[in-house]
Amino acid sequence: MAMVLVLWAVMLVLSAAAWFVQRPDRPASLRVALAIGQGGYLAWVAITQFERVGLGWLVVALALMVAVSFRADPVQVFAGPSDS
């Protein structure tokens, strides 16, 4: 049971960190590194710990990742090279 709580806590901390890093004034390399780390953690848990955490954990983790991705500045994400 303690391991399940640790897995949930790590997922929530990573999601909260990703939420606060998704701002235009943060370096893109930090956002990319955190997204890769969060994705790697999600994959590791889904592959090796799924029987402990269950489908609910996976659904919540994916929902938080999608919510964080929608928080990103759409102008910055979809804008091309600056003409100025």
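The table below gives the values:
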read-out: Net charge of neighbours whose Cβ lies under 10 Å from the Cβ of residue 18, counting Lys and Arg as +1 and Asp and Glu as -1; value: +2
read-out: Cα gyration tensor, segment 2-70 - rounded (a/c under 1.5), prolate or oblate; value: prolate
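Laboratory data are not the source of any read-out in this text; all were calculated from the coordinates shown. A quick note: this is a predicted structure, and the numbers were derived from the prediction, not measured. Every residue, glycine as well, gets a Cβ built from its backbone with ideal geometry; the counts of neighbours run over all protein chains shown.
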